[in-house]
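The values are calculated or read from the model by the stated rules, or taken from the named source; none is laboratory data. If you're wondering where the values come from, they're calculated on a predicted model, not measured in any experiment. Cβ sites come from the backbone with ideal geometry, for glycine too, and all protein chains shown count toward neighbours. Surface areas here come from the heavy atoms of the whole protein model, side chains and all, with no ligands, DNA or RNA. Shrake-Rupley method; radii C 1.70, N 1.55, O 1.52, S 1.80 Å.
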Amino acid sequence: MAHFNIHFFKERTREIDPDRLIAYFDGIEGMTVEMDENSVRFNFLHPRLKYRARFLLTPKTHVPDIYRLNPKFLDINFHLEIPILTPDYFANYLFELVKKVSATFNLHIYNEMLEDVQPFRLETLKKVFRLVKDAYMEKNPILLSDYCVLSKDRLQSILRYQDDQYDLQKYYKELGTYVPMYHFVRQDQGDVRIAVEWKEQTLTVFPPHLDMLLYRQNDQIKVIDYGEIKNLIDKYLEDVPGFIKGTRVLPRKNMKKVHKIARKADHVLLDKSFQECKIDCLID
């Protein structure tokens, strides 16, 4: 897959301490370090979302057209590779990491879409990455057949919920409330639909942007249209305080009423026509 590259430069010096760099990245959750005679690779796997990227320290430059850049900035042969088909949420996560790395090691950045080497500017990187990704998807539409495409705002909220799910689980643990993961489901190769599993007679959190509920009764899973049942149960749900807008929770005082509605709701049984799309196959 093609990559969006961010190259790192220093002003009037190429000095960079590899041991200090390795120690810095070794302290980042989800980062592993590999090295051989060709490169030092800082491989990043997001611990909750499973998206990947990597920083590389190499013997030679990877900067195209380097001789047209301002000569006071010197390439230190260190760059970040981000797969172009990466959700904006994860790209922004990496850009925040680039910001910290740049400040810690006094670095400037460059990308092929920029006119020259420059100080780190978050909004500039966001815009350039989005332009490159949009152009790449328009030029290579066949590649999207391996992905589940969602709108930017919808995927942003979904990935933030997944990223913060553990904290929400800790918050609701003592209340005996289940905080589900999303399931991304296609039926007969249709559009991806967003679902969570909900067990009978349990309290649960309902994250934003749901299409379906996978309602488990004993050994059966009933697929319920969330849009239809939401109109019936919404008055019995409460907002999750201080969390993503649209995240709702079923309080204990209303559990019997809501589950009675769920048992009577129109449904189909989950079968082999429903196929799950993995989270790292989502793209905006």
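Restricting the range 191-210 to residues that are charged (D, E, K, R) and without any contact (Cβ under 8 Å) to a residue 24 or more places away in the chain, the residue that is most open to solvent (accessible area, probe 1.4 Å) is D191.
Annotation: of all residues in the range 21-52 being more than 22 Å from the chain's Cα centre (by Cα) and touching a residue at least 40 places away in the same chain (Cβ under 8 Å), the one that is most open to solvent (accessible area, probe 1.4 Å) is Y24. Within the range 111-136, residues that are closer than 22 Å to D284 by Cα reach partners that are in a helix (DSSP H, G or I) and open to solvent by 40 Å² or more (accessible area, probe 1.4 Å) with beta carbons closer than 8 Å, at six or more positions or on different chains, in the pairs M113/L131; L122/E96; L122/K99. Of the residues Y226, Y215, Y236, the single one that is hydroxyl-bearing (S, T, Y), open to solvent by less than 80 Å² (accessible area, probe 1.4 Å) and more than 30 Å from P87 (Cβ to Cβ) is Y236.
The set of residues in the range 249-262 that are surrounded by 13 or more Cβ atoms within 10 Å (Cβ to Cβ) and farther than 17 Å from G176 by Cβ comprises K257, I261, A262.
Identification of strands (runs of 3 or more DSSP E) wholly contained in the range 176-284 with 1 or more residues that are closer than 30 Å to N92 by Cα yields 183-187, 193-199, 203-206, 212-217, 274-276. Within the range 89-120, the set of residues being within 25 Å of L49 (Cβ to Cβ) and of a type outside the set (A, V, I, L, M) comprises Y89, F90, N92, Y93, F95, E96, K99, K100, S102, T104, N111, F120.
Restricting to the range 1-20, give me the number of residues that are of a type outside the set (V, I, T) and open to solvent by less than 70 Å² (accessible area, probe 1.4 Å).
Total satisfying the criteria: 8.
Here the range 63-87 is the region considered, the condition is being assigned to a loop (DSSP other than H, G, I, E, B) and over 27 Å from the mean Cα position of the chain (by Cα), and the residue that is farthest from E138 (Cα to Cα) is K72.
Once the range 91-134 is narrowed to residues that are open to solvent by 80 Å² or more (accessible area, probe 1.4 Å) and under 21 Å from D65 (Cα atoms), the residue that is modelled with the highest pLDDT is L131.
Of the strands (runs of 3 or more DSSP E) lying entirely inside the range 11-57, those containing at least 1 residues that are among the aliphatic types (A, V, I, L, M) and over 19 Å from I109 (Cα atoms) are 31-35, 40-45.
N254 meets each of the listed conditions (1) touching a residue at least 24 places away in the same chain (Cβ under 8 Å); (2) in contact with a helix residue (DSSP H, G or I) (Cβ under 7 Å, 6 or more places away or on another chain); (3) not β-branched (V, I, T) apart from (1). Run down L85, L45 and say which single residue is modelled with pLDDT of 95 or more, farther than 25 Å from P119 by Cβ and of a type in the set (A, V, I, L, M). Just a single option satisfies the conditions, and that option is L45.
Find the residue count for the range 157-189, including only residues that are within 14 Å of the chain's Cα centre (by Cα), in contact (Cβ under 8 Å) with a residue 24 or more places away in the chain and open to solvent by 70 Å² or more (accessible area, probe 1.4 Å). Looking only at that region, the number is 1.
Hey, does the range 78-90 have a residue that's open to solvent by less than 60 Å² (accessible area, probe 1.4 Å), among the hydroxyl-bearing types (S, T, Y), in contact with a strand residue (DSSP E or B) (Cβ under 9 Å, 6 or more places away or on another chain) and free of Cβ contacts under 8 Å to residues at least 40 places away in the same chain? Looking through the range 78-90, none of the residues is open to solvent by less than 60 Å² (accessible area, probe 1.4 Å), among the hydroxyl-bearing types (S, T, Y), in contact with a strand residue (DSSP E or B) (Cβ under 9 Å, 6 or more places away or on another chain) and free of Cβ contacts under 8 Å to residues at least 40 places away in the same chain.
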